[in-house]
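First up is the structure itself, then whatever we jot down about it.
The values are calculated or read from the model by the stated rules, or taken from the named source; none is laboratory data. Keep in mind that this is a model prediction, so the values were computed, not measured. With ideal geometry, Cβ positions are generated from the backbone for all residues, glycine too; neighbour counts draw on all protein chains shown.
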């Protein structure tokens with residue numbers, strides 16, 4: 001890769017390299033990588049494909065290509081991820097926010113409905129990058145949120161994201177273990193906890209296994225350890241009519257729904273993501 005390489009030639013080279021490395025959608029990944037390395041928009045890439053890269057972009061692209069071919073997600077390389085229309089800071093210390101998690105945000109907003117303008121209190125357990133909390137506070141301009149995470153590094157990232165999104169005045173990010181020391185009531189409790197069974201982590205895609213923190217992945221022997229802590233604790237933290245919404249792994253919806261029912265949650269149900277997978281479990285505070 002040289003300074004004289006055109007954008008079109010670089011795109012073709014990247015797509016071929018990513019294809020050999022087993023990267024899914026290599027052409028799309030190549031476009032994203034080239035735009036990131038060159039500071040380009042997709043429109044600029046289309047408009048001027050014969051423009052030379054220039055040395056700074058060529059150097060950055062060579063490094064980026066090697067890291068992506070080794071399995072590192074582009075979002076972790078660039079340090080940014082788009083989620084719910086927000087540009088969020090990500091690092092190896094936080095779970096990479098994924099499109100399926102937007103199912104949780106969408107469901108929460110439907111449940112909130114006409115109350116979006118009220119002074120709601122929202123609790124995000126295992127806040128990670130702050131993606132869910134930032135999305136909800138952006139959509140609910142009078143709401144206040146508390147995010148809790150057991151990782152000091154994740155707490156630092158979440159604080160940077162609420163600040164960058166202009167939400168710092170309405171968001172408190174704390175270091176802690178789930179609901180320990182947390183006082184309600186909350187109108188909404190949300191969580192995307194670790195839910196991968198410990199024995200399954202080694203078989204995950206390398207983008208997840210090698211580049212997301214194990215703390216955010218490992219859900220214990222059956223993947224359900226976090227739910228056994230979150231659901232019982234939420235009973236006493238929800239306001240009257242308050243809702244709990246948790247993301248679950250494929251095939252876990254029934255078991256988490258059963259736990260919610262045993263705890264007395266009412267109007268408990270699951271919702272599917274765009275791929276048809278039962279992705280979230282919803283429950284209203286026991287009466």
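Is it the case that residue 63 is under 18 Å from residue 207 (Cα atoms) and surrounded by fewer than 18 Cβ atoms within 10 Å (Cβ to Cβ)? If you could, list the steps in order and put the result at the bottom.
Details: under 18 Å from residue 207 (Cα atoms): yes; surrounded by fewer than 18 Cβ atoms within 10 Å (Cβ to Cβ): yes.
Answer is yes for this residue.
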Of the residues in region 240-278 that are under 20 Å from residue 123 (Cβ atoms), assigned to a strand (DSSP E or B) and under 19 Å from the mean Cα position of the chain (by Cα), the one that is modelled with the lowest pLDDT is 271
Which of (1) on the phi > 0 side of the Ramachandran plot; (2) buried (at least 16 other Cβ atoms within 10 Å of the Cβ); (3) free of Cβ contacts under 8 Å to residues at least 24 places away in the same chain does residue 201 not meet, given it meets every other one?
-> (1)
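Quick test for you: out of 214, 206, pick the one residue that is closer than 21 Å to residue 94 by Cα, modelled with pLDDT of 95 or more and surrounded by fewer than 13 Cβ atoms within 10 Å (Cβ to Cβ).
On the way: 206 fails: modelled with pLDDT of 95 or more.
Every option except 214 fails the conditions.
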Among the candidates 166, 181, 147, which residue alone is surrounded by 15 or more Cβ atoms within 10 Å (Cβ to Cβ) and not in a helix (DSSP H, G or I)?
-> 147
Residue 65 fails exactly one of (1) in contact (Cβ under 8 Å) with a residue 12 or more places away in the chain; (2) not assigned by TED's automatic domain parsing to the domain that holds residue 29, namely (2)
Considering (1) farther than 15 Å from residue 149 by Cα; (2) in contact with a helix residue (DSSP H, G or I) (Cβ under 8 Å, 6 or more places away or on another chain); (3) in contact (Cβ under 8 Å) with a residue 60 or more places away in the chain, say which one residue 209 fails and leave the rest.
-> (3)
Single residue of region 35-56 satisfying the filter (in a helix (DSSP H, G or I) and surrounded by 14 or more Cβ atoms within 10 Å (Cβ to Cβ)) that is nearest to the chain's Cα centre (by Cα) | 36
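Tell me whether region 102-114 contains one or more residues that are on the phi < 0 side of the Ramachandran plot and more than 22 Å from the chain's Cα centre (by Cα). Outline the logic, then answer.
Taking region 102-114 as the starting set, the residues that turn out to be on the phi < 0 side of the Ramachandran plot are 102-112, 114.
Those left that are additionally more than 22 Å from the chain's Cα centre (by Cα): 114.
Yes, region 102-114 contains at least one residue that is on the phi < 0 side of the Ramachandran plot and more than 22 Å from the chain's Cα centre (by Cα).
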Answer yes or no as to whether residue 16 is outside the structural domain of residue 207 (by TED's automatic domain parsing), closer than 30 Å to residue 127 by Cα and assigned to a helix (DSSP H, G or I).
-> no
Go through region 77-136 and tell me which strands (runs of 3 or more DSSP E), entirely inside it, have 2 or more residues that are within 27 Å of residue 240 (Cβ to Cβ) and either in contact with a helix residue (DSSP H, G or I) (Cβ under 8 Å, 6 or more places away or on another chain) or at pLDDT 95 or above (or both).
-> 121-125
